[in-house]
Amino acid sequence: MLYRVSPILLLLLCACAQTQDYQRPPAPVAQEWPAGLDVSGKEEATKTHWRSFFVDPRLQALISAALENNRDMRIAIERIREARAQYRIVDADRLPSVNLAGSATIGSTPADLSGTGTVINGQRYDLALSNISYEVDFWGRVASLSESAKRSFLATAQARRAYELSLISEVATTYFQQLQLTEISSLARANLASRESSLDVVEKGRAVGGVEDYEYQAARAAVESARNDLDSVDYQRIVATNKLNYLVGETPSDLPPGLDLAHQGLDASLSPGLPAEVLLLRPDVMAAEQRLIAAHANIDAARAAFLPKVALTASLGLASQGLSSLFNGTAWSFQPIISLPLFDGGKLAAGRDLAEARKVIAVADYEKTIQMAFREVADLLAARASLARQMRSAQINEEAQLRRMDIVLARHKVGLVGVLEVLDGERNLVASQQSALQTRRAQLDVAAQLYKALGGGA
């Protein structure tokens with residue numbers, strides 16, 4: 001008996017099966033950067049390769065080695081291969097599956113069981129394309145699962161790019177820290193030598209009664225203070241070097257000479273553009289959006305699971321009683337199957353609810369990522385402007401302390417000031433020099449971090 005499917009039922013099924021187009025949520029941030037920030041710039045980060053941005057040859061070699069040898073970077077690359085393989089596994093369900101199977105059956109039936117009173121020997125040989133199966137994806141369930149896996153793969157690829165930018169920035173900032181500590185170490189070493197020389201002079205003056213004991217003790221304390229500062233800086237430099245070696249993975253033995261802090265060439269400011277244009281190009285934001293699209297596709301798949309599933313199975317092969325006549329006979333079968341879930345204890349409904357909850361989470365994660373990106377860029381733009389002003393003040397202070405030190409030494413030479421004034425001048429000069437180095441290094445750090453925050457063209 002044949003049953004006709006109601007046209008109304010078909011229309012309802014088609015309506016239920018229609019997928020909803022993905023709509024990108026509006027960015028939950030302002031359309032412009034906060035007032036008062038310096039948004040001028042000469043270069044777009046997304047169009048600037050890191051080799052063009054970081055001009056120090058030694059730093060370039062270190063970044064290149066890190067991208068090749070860093071273990072976390074290797075893990076990120078393999079995550080892409082893992083996600084790509086997972087996508088291919090899911091996407092393969094959209095194509096028919098075919099298996100080739102061969103079998104042989106040889107048997108003997110005793111005479112008292114054969115029904116003929118004689119022993120019956122039998123054999124059968126089969127060669128078949130068996131289990132040819134294909135799901136007719138009327139409602140887009142398989143296609144939605146494939147789309148979800150594809151978007152998860154793309155999100156993984158963007159996550160790898162985000163880590164690549166983070167690694168480039170971290171190698172650069174650690175390198176700048178190492179340069180700063182190296183230059184401070186040189187200053188501390190020169191300061192120690194100067195104070196040791198002053199202590200020798202004071203000791204000789206004390207021996208002949210020309211220097212008071214309190215001046216001698218002050219000079220002696222100044223020497224030990226300088227020695228303590230040098231030991232502390234050398235330790236910090238070793239720690240920074242160890243961190244840099246860890247980030248690089250395998251430090252090349254033939255590194256080219258590098259530049260000092262003052263000649264790193266990162267003064268050319270990057271243009272932040274408009275938030276809506278820049279933030280959506282950040283790899284972490286793009287990865288969050290791909291995860292959101294994957295969650296959207298999973299909802300379509302969960303809804304389609306409520307609808308009838310149509311599967312086509314078939315087999316085509318050869319069969320005979322003798323191996324020599326195997327290719328003389330053919331056998332085939334075709335079996336279409338339609339199934340409609342009626343009762344599963346709420347499993348499908350729970351799957352749909354799970355998919356919808358995960359989409360809400362993905363939307364919140366996407367919006368949070370954009371908000372964090374906006375805040376990061378705004379903070380770095382403010383820091384860039386502030387540090388530029390601090391650098392000008394630090395340079396003026398250093399020049400003033402150098403001039404003051406020259407005056408103090410000249411006055412000390414003619415006996416107008418004592419040792420304490422010289423020690424005070426040296427202390428202020430070293431402090432101003434270290435402050436200038438610290439500010440310059442902070443400027444370089446902000447430049448490297450802003451390159452990452454604006455989605456640099458790694």
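Being of a type in the set (D, E, K, R) and either under 17 Å from ARG195 (Cα atoms) or without any contact (Cβ under 8 Å) to a residue 40 or more places away in the chain (or both) is the filter here; which residues of segment 417-452 pass it? Please lay out each step first, then the result.
Of all residues in segment 417-452, those of a type in the set (D, E, K, R) come to 421, 424, 426-427, 440-441, 445, 452.
Correct list: GLU421, ASP424, GLU426, ARG427.
Do we find a residue being under 18 Å from ALA304 (Cβ atoms), surrounded by 12 or more Cβ atoms within 10 Å (Cβ to Cβ), in contact with a Lys or Arg (Cβ under 9 Å, 6 or more places away or on another chain) and at pLDDT below 70 anywhere in segment 91-105?
Yes, there is a match, as at least one residue in segment 91-105 is under 18 Å from ALA304 (Cβ atoms), surrounded by 12 or more Cβ atoms within 10 Å (Cβ to Cβ), in contact with a Lys or Arg (Cβ under 9 Å, 6 or more places away or on another chain) and at pLDDT below 70.
Here is a check on your reading of the model: is GLU170 modelled with pLDDT of 85 or more and either more than 25 Å from VAL223 (Cα to Cα) or among the aliphatic types (A, V, I, L, M) (or both)?
On the way: modelled with pLDDT of 85 or more: yes; either more than 25 Å from VAL223 (Cα to Cα) or among the aliphatic types (A, V, I, L, M) (or both): yes.
Answer is yes for this residue.
Go through segment 291-341 and report how many residues are modelled with pLDDT of 75 or more and more than 52 Å from the chain's Cα centre (by Cα).
0
Starting from residues that are of a type in the set (Asp, Glu) and under 19 Å from the mean Cα position of the chain (by Cα), keep the ones in segment 258-290 and report whichever is nearest to THR46 (Cα to Cα).
Taking the candidates together, the pick is ASP284.
So, in segment 182-229, of the ones that are at pLDDT below 85 and charged (D, E, K, R), which residue ends up nearest to the chain's Cα centre (by Cα)?
The residue in question is GLU215.
Provide a single number: the residues in segment 44-82 that are part of a loop (DSSP other than H, G, I, E, B) and surrounded by 15 or more Cβ atoms within 10 Å (Cβ to Cβ).
Counting residues in segment 44-82 that are part of a loop (DSSP other than H, G, I, E, B) and surrounded by 15 or more Cβ atoms within 10 Å (Cβ to Cβ) gives 4.
Which of the following residues is out of contact with any helix residue (DSSP H, G or I) (no Cβ under 9 Å at 6 or more places or on another chain) and closer than 20 Å to LEU261 by Cα: SER186, SER169?
So the residue among SER186, SER169 that is out of contact with any helix residue (DSSP H, G or I) (no Cβ under 9 Å at 6 or more places or on another chain) and closer than 20 Å to LEU261 by Cα is SER186.
Restricting attention to segment 397-407, does a residue exist that is of a type in the set (D, E, K, R), closer than 20 Å to LEU187 by Cβ and touching a helix residue (DSSP H, G or I) at 6+ places or on another chain (Cβ under 8 Å)?
Within segment 397-407 (the criterion being of a type in the set (D, E, K, R), closer than 20 Å to LEU187 by Cβ and touching a helix residue (DSSP H, G or I) at 6+ places or on another chain (Cβ under 8 Å)), the answer is yes, since at least one residue qualifies.
Looking at this structure, is GLY456 touching a residue at least 24 places away in the same chain (Cβ under 8 Å) and not in a helix (DSSP H, G or I)?
yes
Looking at this structure, is GLN158 in contact with a Pro (Cβ under 6 Å, 6 or more places away or on another chain), assigned to a helix (DSSP H, G or I), at pLDDT below 90 and not β-branched (Val, Ile, Thr)?
Spelling it out, GLN158 is indeed in contact with a Pro (Cβ under 6 Å, 6 or more places away or on another chain), assigned to a helix (DSSP H, G or I), at pLDDT below 90 and not β-branched (Val, Ile, Thr).
Specify which of the listed residues (LEU266, LEU247) is touching a residue at least 24 places away in the same chain (Cβ under 8 Å), surrounded by 17 or more Cβ atoms within 10 Å (Cβ to Cβ) and in a helix (DSSP H, G or I).
LEU247
So which residues in segment 207-219 are in a helix (DSSP H, G or I) and surrounded by fewer than 16 Cβ atoms within 10 Å (Cβ to Cβ), if there are any at all?
ALA207, ASP213, TYR214, GLN217
The values are calculated or read from the model by the stated rules, or taken from the named source; none is laboratory data. Note that the coordinates shown come from a computational prediction; the quantities given were computed from them, not determined experimentally. Positions of Cβ are generated from backbone atoms using ideal geometry, with glycine treated the same way; all protein chains shown enter the neighbour counts.
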